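What follows is a single structure, written as structure tokens, with notes after it.
The values are calculated or read from the model by the stated rules, or taken from the named source; none is laboratory data. Small disclaimer: the values here were computed from a predicted structure and weren't measured. Using ideal geometry, Cβ is built from the backbone for each residue, glycine included, and neighbour counts are taken over all protein chains shown.
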Amino acid sequence: MVDNALSPLAALTILVIFGLIWIAFGYILGRKNKDLDDYMLAGRNVGLAFATATAMATWVTSNTTMTAPQVTYQLGIWGMVGYSLGAVGLLLFAPLAKRIKQLLPHGFTSGDFIRQRYGNFAWRVFLLISLFYAFGWLISLGMAGGILVNALSGVPYHIGMSVIMFVCVSYTLLGGLRAVIATDFVQTIIILTGVIIIAYLVITNIGFEELHTSVEEQHPMLLSLLFPAAIMFLFNNLLFGVGEIFHSNVWWSRAFAFSTNIGARAYFIAGLFWLPIPIVAGFVALAAPALGIDVPAADMVGPLVAGQILGTTGAIVVFIVVFSALASSLDSLLAATADLITQDIYRGHINPGASDEQCFKAGRYIVLGLGIVTWLLCVPRLTTLASLLYFTGAFVASAIWPIVFGLYQSWAGRKAAALSMIAGSSLGLLAYFQIGFYVAALASCAVSLATMVIVSYFEKATFDFRSLSNLKETS
Amino acid sequence: MLSWNVSDASRATSLQQSDSPEFSSPVTRVVSPEGSLTITGLADGEYYFRLMQADTPLTEPLRVMVQHHDLERAGLFFVLGLILFIVLVISILLGARNESQHHG
């Protein structure tokens, strides 16, 4: 049995201190927000340093720091490598970010593009996928907060989860995207520093030899390069990451927010910086057998190992790093999802004539509402982090081809886009339940591609991209 | 993932794992009062598990079969994934190149 690495009091004290700092940040930065462009898109002129930091910090989620170890603990070496292929999504989004900014200089959301490009039906299918994914990710982040605090300090899951949700919702509500990006910058520095420290401590506390021997003895398949599920996982995870980034308003809102000519470089650099982080996080999980740690649920392996090896000081470092990773993603997701709901549901469906002022106000209520709904869905702790996350892969990977072909190819048709998302999601879900979580995104992507190409061939569409630049802010 | 009831959880000190029902040469794993343990990375085969209280068995042996996916099937998924990735990269590169020619 492992004693808690942190006392409950220490854990809650750190949470309260960081929480107050982040909320103060949100309040101070929020006072600069004068209009909807400021609140939703930080004034559309974010520079390279902040752009890179926010892209990297947002993609370093609690999933990176907790699901990467879980996947390594379940799928071994290829699990670790496969998880780091999530960087490919950021790298490939670099040229897309440039294209998005160019095509839609006044755009607000990914939904804006899909609606203009493919019409209302495809837009609504896309919104369903996008919102489903957003909630899945929000829940996984909320849960991760509770699991982290519980694994390191024994503080009950519901208390840790509630405190973290409260802090993140508060500063996002107060500061909008400006606060999100500024806190991301600070969190990036914390994450990078912490990961280097943790990696160094793991390697010096447990040698490679001992680590290798224990894993080989107790979990032999984890070291096998012919572990079938892990081989299936590799490209599934790559395509899942691509699907997440390509479709999600978290990344589109940043593409709109970054200054002209910044987006491509920021995403590319962020992808390179992100790549080693899941390798380090995953590596930590392989130390569990050598340390004799019992792992009640696979998503607890990361903080359990870190807490054991690193003692109280190290546990505090881990706690701060994971909290930063979690907060930097939770705030981005809250902000971007609220933007999507404000622009595409509130202004798009409920109140089409809504002014920017009304949307500004609605946006704040929506952030609060999202926070409450997420909290309610986190309470029952339905599944593990990886299972929840990869469930959404069946949906998001279906949106890759409508986005890529939609941005570059005039032949991509409206019916094709809608059908490819529906078919991809359906078959992806089937693959998830029939085979496993490690193939859902891949199946979805394959079916979506075939549907997109075949239906577009019969549709014979020709789209004029110049019509996108006519998209006005208030349309 | 293996789980057991609260009463056993409070008394169990370890979990034994063996590839024979007689528990010859068992692997012993530590357990916590959480009442569950996740074991990963086992090779194909038959395994037996039982909870122990010090040196005394606390439960009847549980038989678990581990059977991984067929390697050929895994290879097919890998190749499919690789093809999709190559198509994706080419699509983006061609699109970006046409865009820069158009604007250049």
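Residues of segment B:26-74 that are touching a His at 6+ places or on another chain (Cβ under 9 Å) and of a type in the set (A, V, I, L, M): B:Ile39, B:Leu42, B:Ala43, B:Ala74.
Scanning segment A:409-440 for residues that are over 19 Å from B:Arg73 (Cβ atoms) and outside any helix (DSSP H, G or I), we see that the one that is nearest to the other protein chains (Cβ to nearest Cβ) is A:Gln409.
Does segment A:118-140 include one or more residues that are of a type outside the set (Ser, Thr, Tyr) and in a loop (DSSP other than H, G, I, E, B)?
Yes: segment A:118-140 contains one or more residues that are of a type outside the set (Ser, Thr, Tyr) and in a loop (DSSP other than H, G, I, E, B).
Of the listed requirements (1) in contact with a strand residue (DSSP E or B) (Cβ under 7 Å, 6 or more places away or on another chain); (2) within 13 Å of chain B (Cβ to nearest Cβ), A:Leu225 misses just one: (1). With respect to A:Asp339, determine if the residue is farther than 26 Å from A:Gly160 by Cβ, within 21 Å of the chain's Cα centre (by Cα) and modelled with pLDDT of 85 or more. So A:Asp339 fails the test.
So, in segment A:272-293, of the ones that are within 18 Å of the chain's Cα centre (by Cα) and more than 20 Å from A:Trp78 (Cβ to Cβ), which residue ends up surrounded by the fewest Cβ atoms within 10 Å (Cβ to Cβ)? Ranking the qualifying residues of segment A:272-293, first place goes to A:Leu272. Please work out which residue is farthest from B:Leu84 (Cα to Cα), limiting yourself to segment A:349-408 and to residues that are assigned to a helix (DSSP H, G or I) and among the hydroxyl-bearing types (Ser, Thr, Tyr). The residue in question is A:Tyr365. Taken across segment B:78-85, residues that are at the interface with chain A (Cβ under 7 Å from one of its Cβ atoms) and farther than 27 Å from A:Leu90 by Cβ do not occur at all. Could you tell me whether A:Val305 is part of a helix (DSSP H, G or I), more than 14 Å from chain B (Cβ to nearest Cβ), more than 30 Å from A:Ile114 (Cβ to Cβ) and in contact (Cβ under 8 Å) with a residue 40 or more places away in the chain? No: the conditions fail for A:Val305.
Among all residues of segment A:385-393, there is none that is in contact with a His (Cβ under 8 Å, 6 or more places away or on another chain) and over 22 Å from B:Ile90 (Cα atoms). Only one of (1) touching a strand residue (DSSP E or B) at 6+ places or on another chain (Cβ under 7 Å); (2) modelled with pLDDT of 80 or more; (3) not acidic (Asp, Glu) fails for A:Ile181. Which number is that? It is condition (2) that A:Ile181 fails.
Only residues that are more than 7 Å from chain A (Cβ to nearest Cβ) and either over 26 Å from A:Met221 (Cα atoms) or crowded, with 20+ Cβ neighbours inside 10 Å (or both) were counted across segment B:34-48, and they come to 1. Return yes or no: is A:Val215 farther than 18 Å from A:Thr61 by Cα and β-branched (Val, Ile, Thr)? Yes; evaluated as a whole, the condition is true for this residue.
All conditions but one from (1) touching a Pro at 6+ places or on another chain (Cβ under 8 Å); (2) surrounded by fewer than 22 Cβ atoms within 10 Å (Cβ to Cβ); (3) not hydroxyl-bearing (Ser, Thr, Tyr) apply to A:Gly86; the one that does not is (2). Within segment A:259-267, not a single residue is over 25 Å from A:Phe391 (Cα atoms), assigned to a helix (DSSP H, G or I), touching an Asp or Glu at 6+ places or on another chain (Cβ under 7 Å) and within 13 Å of chain B (Cβ to nearest Cβ).
When you scan segment B:3-22, do you find a residue that is of a type in the set (Val, Ile, Thr), within 24 Å of A:Phe227 (Cβ to Cβ) and either surrounded by fewer than 14 Cβ atoms within 10 Å (Cβ to Cβ) or touching a strand residue (DSSP E or B) at 6+ places or on another chain (Cβ under 9 Å) (or both), even just one? So far as segment B:3-22 goes, no, none of its residues is of a type in the set (Val, Ile, Thr), within 24 Å of A:Phe227 (Cβ to Cβ) and either surrounded by fewer than 14 Cβ atoms within 10 Å (Cβ to Cβ) or touching a strand residue (DSSP E or B) at 6+ places or on another chain (Cβ under 9 Å) (or both).
Among the residues of this structure, A:Ser355 does not count as one that is under 25 Å from A:Gln116 (Cα atoms), among the polar types (S, T, N, Q) and at pLDDT 95 or above.
Pull up segment A:444-474, narrow it to residues that are assigned to a loop (DSSP other than H, G, I, E, B) and charged (D, E, K, R), then point me to the one that is modelled with the lowest pLDDT.
Filtering first and then ranking leaves A:Glu473.
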